[in-house]
Amino acid sequence: MAIIGKRAELDLRAVYAAHGPEIYRFALRQLGDRQAAEEAVQEVFLRAWRSAQRFDPDLASLRVWLFAIARNVVIDEARARARHDRRLVAAAAHRPETVSDHADAVLDQRLVEQALLRISDNHRAALVETYLRGRSYRDVAAEQGVSQVTLRSRVFFGLKALRQAMEEMGVRL
């Protein structure tokens, strides 16, 4: 049952028979879920098989090495679960848009459209293509026949002009 340093010399069946049940109990205690514990045990032995050449019996026993791997697998699983739980909470917190939210969005869109009509054609084209349509500076610059530096300048000054136009319209920013 010794691991000498080569994957081929790892007698995985014997190692699993000797340590699998104990690692399963450890994972089950930590994760509280039978299926997750079973998957964790599989991952432990997969990682052990893949990194058998790094096992050094002079540093730690096989049991200690396997439990170090198991600890890392359990931590990875707990972190993945936490991320998943945060996503579920965020999705549940997202409420459908209300009528007043929709009305506000329409009004905001109309104000921006009106302000865009008050700035120069070059600034408006730069803002619409990069900000509103999400196109890359490279593509828009090539299409407009200007350098990316010029386009970035137009976007910068276009935003300033748009802000000023909106303030002139009475919009508080």
Residue 111: part of a helix (DSSP H, G or I), touching a Gly at 6+ places or on another chain (Cβ under 7 Å) and closer than 22 Å to residue 171 by Cα, yes or no?
no
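Residues checked against (1) in contact with a Leu (Cβ under 9 Å, 6 or more places away or on another chain); (2) farther than 30 Å from residue 24 by Cβ:
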residue: 55; (1), (2): yes, no
residue: 90; (1), (2): no, yes
residue: 115; (1), (2): yes, yes
residue: 134; (1), (2): no, yes
residue: 146; (1), (2): no, yes
residue: 153; (1), (2): no, yes
residue: 160; (1), (2): no, yes
Selection within the stretch 50-67 - part of a helix (DSSP H, G or I), surrounded by 12 or more Cβ atoms within 10 Å (Cβ to Cβ) and among the hydrophobic types (A, V, I, L, M, F, W, C):
52, 62, 65, 66, 67
How many residues, within the stretch 78-131, are over 30 Å from residue 43 (Cβ atoms) and at pLDDT 80 or above?
23
Matching residues in the stretch 38-48 (under 13 Å from residue 12 (Cβ atoms) and either open to solvent by less than 70 Å² (accessible area, probe 1.4 Å) or at pLDDT below 90 (or both)) number 5
Restricting to the stretch 143-173, name every residue that is β-branched (Val, Ile, Thr), under 21 Å from residue 112 (Cβ atoms) and assigned to a helix (DSSP H, G or I).
155
If I filter the stretch 145-158 for residues that are modelled with pLDDT under 90, surrounded by fewer than 14 Cβ atoms within 10 Å (Cβ to Cβ) and among the aliphatic types (A, V, I, L, M), do I get at least one hit?
no
Can you tell me which residue in the stretch 113-137 is most open to solvent (accessible area, probe 1.4 Å), limited to those that are among the charged types (D, E, K, R) and within 16 Å of residue 166 (Cα to Cα)?
118
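The values are calculated or read from the model by the stated rules, or taken from the named source; none is laboratory data. Everything numeric in this text was worked out from a predicted model, so none of it was measured. All Cβ positions, even for glycine, are placed from backbone atoms using ideal geometry, and neighbour counts span all protein chains on display. Surface accessibility is based on the protein's heavy atoms, side chains included, excluding ligands, DNA and RNA. Shrake-Rupley method; radii C 1.70, N 1.55, O 1.52, S 1.80 Å.
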